[in-house]
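A.B. asks: Attaching a single structure in structure tokens format; questions to follow.
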Amino acid sequence: MELIDVYIDITGGKHIYQRPEMLRLLRDCSDGKVNCIAAQTHAYLAANMEELCYLIKFLNEMPYKIDIKDRF
């Protein structure tokens with residue numbers, strides 16, 4: 001594995017569109033720069049189940065596989 005960047009989200013936004021670092025991460029995923037996302041828990045990725053489901057759906061629609069690892 002290679003560390004591409006660190007995405008620090010301290011906004012506390014409940015929606016992905018309110019979180020600039022999450023948007024940057026998703027943009028990097030779309031650009032093919034990221035193929036694995038690591039977070040301590042899924043709560044760091046999304047504030048609620050709806051947002052988590054959206055995130056997983058978005059990542060699964062990429063032309064290549066993006067893994068999500070939590071509790072690493």
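A.B. asks: Take the alpha carbon atoms of the range 16-70, find their radius of gyration, then divide it by 2.2 N^0.38 Å using N residues; give the quotient.
C.D. replies: 1.03
A.B. asks: Let me ask another. I'd like to compare 26-36, 56-66: which one has the highest average count of other Cβ atoms within 10 Å, and what's the full order after that?
C.D. replies: Output ranking for 26-36, 56-66: 26-36, 56-66.
A.B. asks: Could you give the dipole magnitude of the chain about its Cα centre, charging the beta-carbon of Lys and Arg +1 and that of Asp and Glu -1, in debye to the nearest 20?
C.D. replies: 80 debye
A.B. asks: Pairs of lysine in the chain with Cα under 18 Å and at least 8 positions apart or on different chains: total?
C.D. replies: 5
Values quoted throughout were computed directly from the atomic coordinates according to the rules given, and no laboratory measurement underlies them. All figures in this text were calculated on a predicted structure; none of them were measured in a lab. Heads up, the Cβs are rebuilt from the backbone with ideal geometry, glycines too, and the neighbour counts pull from every protein chain shown.
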